[in-house]
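S.K.: Sharing a structure below in structure tokens format, with a few things to ask.
None of the figures in this text is laboratory data; all of them are computed from the coordinates on show. Small disclaimer: the values here were computed from a predicted structure and weren't measured. Neighbour counts are summed over all protein chains in view; Cβ atoms, including those assigned to glycine, are modelled from backbone coordinates with ideal geometry.
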Amino acid sequence: MPVALDPHLEQIRPVEPRTPAGCEECLRLGSPWVHLRLCLTCGHVGCCDSSPLKHARAHAHHIGHPIVASYEPGEDWRWCYFDQQFV
């Protein structure tokens with residue numbers, strides 16, 4: 001059975017990371033993070049769900065940008081927070 005395409009893929013844009021050094025909010029707050037995620041709509045860099053403050057997920061739901069890519073060296077995957085699936 002074919003897998004349906006995620007309807008949010010149309011929101012992906014060419015982006016530049018807004019903060020190449022880490023999670024935008026954690027850097028401002030002085031909070032630690034575990035892994036980083038890059039918003040593929042605006043370039044926001046946020047921390048993952050294993051991080052204490054989960055800024056990437058918060059950005060997706062508050063701003064409405066559902067698809068992120070791993071911003072970790074050697075990782076090449078994308079995730080849709082709205083549909084809870086790899087895309």
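S.K.: For the range 61-77, just list the computed ³J(HN,Hα) in residue order, Karplus coefficients 6.51, -1.76 and 1.60, θ = phi - 60°, integers in Hz, with x standing in for Gly and Pro.
M.R.: Values, residue by residue: 7, 7, 8, x, 10, x, 9, 10, 10, 4, 10, 9, x, x, 9, 9, 8 Hz.
S.K.: In a GNM of the chain with a 10 Å cut-off on Cα contacts, which of Arg57, Arg37, Arg18 has the highest mean-square fluctuation?
M.R.: Highest fluctuation among the options: Arg18.
S.K.: Run the quick spin-label model on Leu9 and Ile63: label points 7 Å from Cα toward the beta carbon, then report their separation in nm to one decimal.
M.R.: 2.3 nm
S.K.: Can you tell me which of Ser51, Ser31, Ser70 moves the most in a GNM of the chain? Springs connect C-alpha atoms under 10 Å apart.
M.R.: Fluctuation is largest for Ser31.
S.K.: Using the 4.7 Å Cβ rule, please list in number order the cysteines from the chain without any candidate partner.
M.R.: Cys39, Cys42, Cys48, Cys80
S.K.: Of Pro17, Pro52, Pro66, which is the most mobile in a GNM of the chain whose springs link Cα atoms less than 10 angstrom apart?
M.R.: Result: Pro52 has the largest fluctuation of those listed.
S.K.: Quote to one decimal, in nm, the extra length available between Glu16 and Phe82 on full extension: 0.36 nm per residue of separation minus the C-alpha distance between them.
M.R.: So the chain would gain 21.5 nm between Glu16 and Phe82.
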